[in-house]
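See structure below.
What follows is calculated from the coordinates using simple rules that are stated; it is not laboratory data. Here the structure is a predicted model, which is why all the values come from computation and not from measurement. Glycine also receives a Cβ, built like all others from the backbone with ideal geometry; neighbour counts cover every protein chain displayed.
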Amino acid sequence: MAVKRDYYEVLGVSRDASDEDIKKAFRRLAFQCHPDRNREDGAAARFKEVNEAYEVLSDADKRAAYDHYGHGGAEGFFGRGFEGFDFGGFGDIFEAFFGGGTTAARRAAQRGTDLRGNVTISFEEAALGCEKKVKISRTETCSTCQGSGAKPGTQPSRCPNCNGTGQVRRVQKSLFGRFINTAICNQCHGEGTVITEPCRDCRGTGLQRHKRTLSVEIPAGVDSNSGIRLSGAGDAGVRGGSPGDLYVMISVQEHDFFTRDGDNVLYELPINFTQAALGAEMEVPTLRGTRRIDIPPGSQTGRVFRLRDEGIAHLHRGGRGDHLVRVSVVTPGLLTKEQRQLFEELAETLGTGKG
């Protein structure tokens, strides 16, 4: 028969260690060699040894007997040693110290899943704001059974297999003694209750899937990849949990002749040679209608004119960006005979005629 190691040595503490030191040592070692986390050979035996040492040294009377008489004193204290002593199982000890899954946790309220929707809007709608519809498919609490899963007029009953605990405990005997393993009840799946007469509309789940069309207020100033959260518009929660949220992702279409530069709108205005040279008064489109601008004589390609507060609304603060008009002098491609003659005369006066 193998000789047992000294319990203080097993836990790695001195013989005058405090109760808190013993507890800390056990927590550390139990975490390291628990069979659910450590698959190495001998982990189960090592865990059993650590557990046995802690059971003795954590109890004042058992520890005193061990200090005076060694293992024989500890075995005498228990009458017939550790054979048959119920350590509560690997899972019970581990859960007690490290907060493992419990029935209460499995049956706690669970928040519903967040959902995502997509909506496409025009350039003007992004700049000025709008209201859009988004279609989603989500789970909702069954209106027939109010989420209980049971047929109206009936109630879920206590699970006879686990007596409502959601867990079943199995005793296993081995050469090391008797162990109790805890597992989720396979009849109620940890709920603690069973439905004998399920609701016909949700088939006992307490949830139904519906297609919904929701209105979404799009604020002025959004851009592509912006997101809007609709609180509580996601999937229904479970066991009284709050519903999830709906995140609406926005995609903005390109404009035919406007481009966005931050919260400014850029418009390219083509002008001809005479308008650039002599100046002109012109109408330009904006997000809020047409506006007139003066093109001064001698304007060159690339000159920018600014219409203040005619751009895109600032998303998180008041005010708007500007409308920027950039002129581009266009060279005519085809000239009539008269136009060509005029250009040649102009070229001579400017000193750029043909030599």
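Below, the figures for the structure above:
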{"read-out": "Nearby lysines by direct alpha-carbon distance to LYS62 (threshold 30 angstrom, same-chain neighbours under 8 apart not counted)", "value": "LYS4, LYS23, LYS24, LYS48, LYS173"}
{"read-out": "Taking N as its residue count, the alpha carbon Rg of region 258-349 over 2.2 N^0.38 Å", "value": "1.37"}
{"read-out": "Loop-resident sites, region 202-259, for trypsin sites (Lys or Arg not before Pro), counting at most 15 other Cβ within 10 Å (DSSP)", "value": "ARG203, ARG239"}
{"read-out": "Amide H partners (placed H, <5 Å) of GLY147, local residues excluded", "value": "CYS142"}
{"read-out": "Against the rule of thumb 2.2 N^0.38 Å, how large the Cα Rg of region 298-355 comes out", "value": "1.96"}
{"read-out": "Of the GluC sites (Glu not before Pro) in region 211-309, those whose Cβ has at most 16 other Cβ within 10 Å and which sit in DSSP loop", "value": "GLU254"}
